[in-house]
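Below: one structure, written as structure tokens.
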Amino acid sequence: MAKDLLKPRFELMTPGPTQVAENVRQALSLPCTNPDLDPDFYTYTEDICKDLESFFHTKDHQALVLSGEGILGLEAAFASLTQPGDRVLVLDNGVYGKGNADFVRLYGGVPVLYTTNYHEPIDPEKLEAFLETDHDFAYASLVHCDTPSGILNDIDTLVPLLHRFGILTVVDAVSSAFGMPIDLTRTPADILCLGSQKALSAPPGLSMLLVSTKAWDRMAHRKTPIASFYANLPAMKDYAKNQWFPYTMPSADMNGLRQTLNNVLEDPEIFARHHALAKATRAALTKAGLTLYERSGFSDTVTVFNVPEGTTDTAILSGMKAQGILLAGSFDVLAGKVIRIGHMGENARKEKLQRTLRALQKVLTGLQVPLKADLEQVFTASLAEQDL
Ligand SMILES: *Cc1c(COP(=O)(O)O)cnc(C)c1O
């Protein structure tokens, strides 16, 4: 007998994967073409990439889409830029920030960690003082929103600062892009890494990258070949000119991506909505007496609060599941310490957050956590103040 398909029991309110809109699910079910042999698929891909370039306000970058979720794009950036022996500056004020050192090592580079407090964004003045003493780096990696803690780094200041010292930058914007504005003309990250399953609200499965002319130039002048087939950016670069992909593209996922981009491009309020909902969520939690993990540097895409005394993350998460809602704990050094509410992409809707906060009130009260205010009421009042 045919086995059942998985129909999710929970509403996803996690910081990725996020909810997928109905029109995107329909796009994913369209008939599939042969992406290698159908000439239309090349123009289709090129057009998606051109839209990504204009969405991020750049004429100096080429967008690429790779067939693998966010991590593939990150690995491809590190694989393509790192040459054996390269010193690479790894900015570390979060789990993903630190994790980038592994990619550098894997491709023969020497990571130099610049580690700061995980509760605050990287201070550009302190980084500048450090760079005065040492700036001999092939490139630097940094994370815009480090999702396990929700910290938001000021890439608009950090990227130009690193450039002033002649250092190329790889920026992980997987969990911020499409929920927060990024302007590559003002903030010319050399490789900007994006994923499909966060604020874009497509299913997991695709990485998008925006690669600057300087980054392409660096790759073209490598002394050693790139030690990867699948994570090799130059191999993908000229797909349109050559009418050839190094491997078969996921045609169904590309339809999903096309539709999510249409949704984003037709949503002029997208950034303002993310901002207002994030502010209201933080207001609700703090007025009720809960504490946020971050002291400053809040992302508009995720809110991270400390597990209150007297209970555990698993108790809160199971309670929420019993209410039909999936929230996330965290991992690595944050495991067991925090709860994360993802309000990015399709999750970033007033009613969905109202429902989530109502359920959270019930769960925390049931766990004897004293709350000083009604989460949903404070949230709604804060939105009204912000005209949403
Ligand atoms: C989600 C995410 C990635 C991609 O990793 P996943 O395996 O999809 O979780 C990379 N960087 C950041 C900052 C992310 O939030």
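Candidates in the stretch 127-144 are the residues that are within 16 Å of the ligand (Cβ to nearest atom) and either open to solvent by 40 Å² or more (accessible area, probe 1.4 Å) or out of contact with any Ser or Thr (no Cβ under 7 Å at 6 or more places or on another chain) (or both); of these, the one that is farthest from ASN100 (Cα to Cα) is VAL143. If you go through the stretch 168-226 and keep only what is in contact with a His (Cβ under 7 Å, 6 or more places away or on another chain), more than 16 Å from the ligand (Cβ to nearest atom) and not in a loop (DSSP other than H, G, I, E, B), you end up with VAL211, SER212. A single entry from PRO124, PRO111 fulfils the requirement of being surrounded by fewer than 23 Cβ atoms within 10 Å (Cβ to Cβ) and within 28 Å of LYS223 (Cβ to Cβ): PRO111. When restricted to residues that are more than 19 Å from the chain's Cα centre (by Cα) and surrounded by 13 or more Cβ atoms within 10 Å (Cβ to Cβ), the stretch 10-22 contains 2. So for the stretch 91-105 (the condition being farther than 28 Å from SER299 by Cα and open to solvent by 10 Å² or more (accessible area, probe 1.4 Å)), does at least one residue qualify? So far as the stretch 91-105 goes, yes, one or more of its residues are farther than 28 Å from SER299 by Cα and open to solvent by 10 Å² or more (accessible area, probe 1.4 Å).
Per-residue answers, yes or no, for (1) over 20 Å from the mean Cα position of the chain (by Cα); (2) within 19 Å of GLY179 (Cα to Cα); (3) of a type outside the set (Asp, Glu):
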site	(1), (2), (3)
LEU290	yes, no, yes
SER296	no, yes, yes
ALA322	yes, no, yes
SER330	no, no, yes
GLY336	yes, no, yes
GLY342	no, yes, yes
GLU351	yes, yes, no
LYS362	yes, no, yes
LEU375	yes, no, yes
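A quick yes/no check of all residues on (1) open to solvent by 10 Å² or more (accessible area, probe 1.4 Å); (2) in contact with a helix residue (DSSP H, G or I) (Cβ under 8 Å, 6 or more places away or on another chain); (3) touching a residue at least 12 places away in the same chain (Cβ under 8 Å):
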position	(1), (2), (3)
ILE339	no, yes, yes
ALA348	no, yes, yes
LEU357	no, yes, yes
LEU364	no, yes, yes
LYS372	yes, yes, yes
GLU385	yes, no, no
LEU388	yes, yes, yes
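Which ones in the stretch 96-126 are of a type in the set (Ser, Thr, Tyr), away from the ligand (no atom under 16 Å from the Cβ) and under 19 Å from ASP332 (Cα atoms)? Step through it out loud before you land on a result.
Taking the stretch 96-126 as the starting set, the residues that turn out to be of a type in the set (Ser, Thr, Tyr) are 96, 107, 114-116, 118.
Adding the requirement that they be away from the ligand (no atom under 16 Å from the Cβ) leaves 107, 114-116.
Across the stretch 96-126, the qualifying residues are TYR114, THR115, THR116.
Would you pick out the residues in the stretch 65-90 that are open to solvent by 20 Å² or more (accessible area, probe 1.4 Å) and not in a helix (DSSP H, G or I)? Hits for the stretch 65-90 are SER67, GLU69, GLN83, PRO84, GLY85, ASP86, ARG87.
Filtering the stretch 52-95 to residues that are more than 16 Å from the ligand (Cβ to nearest atom) and among the aromatic types (Phe, Trp, Tyr) leaves PHE55, PHE56.
Do the conditions hold for THR147, that is, is it within 16 Å of the ligand (Cβ to nearest atom), on the phi < 0 side of the Ramachandran plot, among the hydroxyl-bearing types (Ser, Thr, Tyr) and touching a residue at least 12 places away in the same chain (Cβ under 8 Å)? Walk me through it before giving the result.
Details: within 16 Å of the ligand (Cβ to nearest atom): yes; on the phi < 0 side of the Ramachandran plot: yes; among the hydroxyl-bearing types (Ser, Thr, Tyr): yes; touching a residue at least 12 places away in the same chain (Cβ under 8 Å): yes.
Considered against the rule, which asks whether it is within 16 Å of the ligand (Cβ to nearest atom), on the phi < 0 side of the Ramachandran plot, among the hydroxyl-bearing types (Ser, Thr, Tyr) and touching a residue at least 12 places away in the same chain (Cβ under 8 Å), THR147 comes out as yes.
Here is a yes/no grid of residues against (1) closer than 29 Å to VAL304 by Cα; (2) out of contact with any strand residue (DSSP E or B) (no Cβ under 7 Å at 6 or more places or on another chain):
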| site | (1), (2) |
| --- | --- |
| LEU64 | no, no |
| GLY70 | yes, no |
| LEU89 | yes, no |
| LYS98 | yes, no |
| ALA140 | yes, no |
| THR157 | yes, yes |
| ILE167 | no, no |
| ASP172 | yes, no |
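For the stretch 153-167: of the residues being in contact with a His (Cβ under 7 Å, 6 or more places away or on another chain) and of a type in the set (A, V, I, L, M), which is nearest to the ligand (Cβ to nearest atom)? Taking the candidates together, the pick is ILE155.
The values are calculated or read from the model by the stated rules, or taken from the named source; none is laboratory data. Because the structure is predicted, anything quoted here is derived from the model rather than measured. Here Cβ is always computed from backbone atoms with ideal geometry, including for glycine, and neighbour counts include all displayed protein chains. With ligands, DNA and RNA removed, areas are computed over all heavy atoms of the protein, side chains included. Shrake-Rupley method; radii C 1.70, N 1.55, O 1.52, S 1.80 Å.
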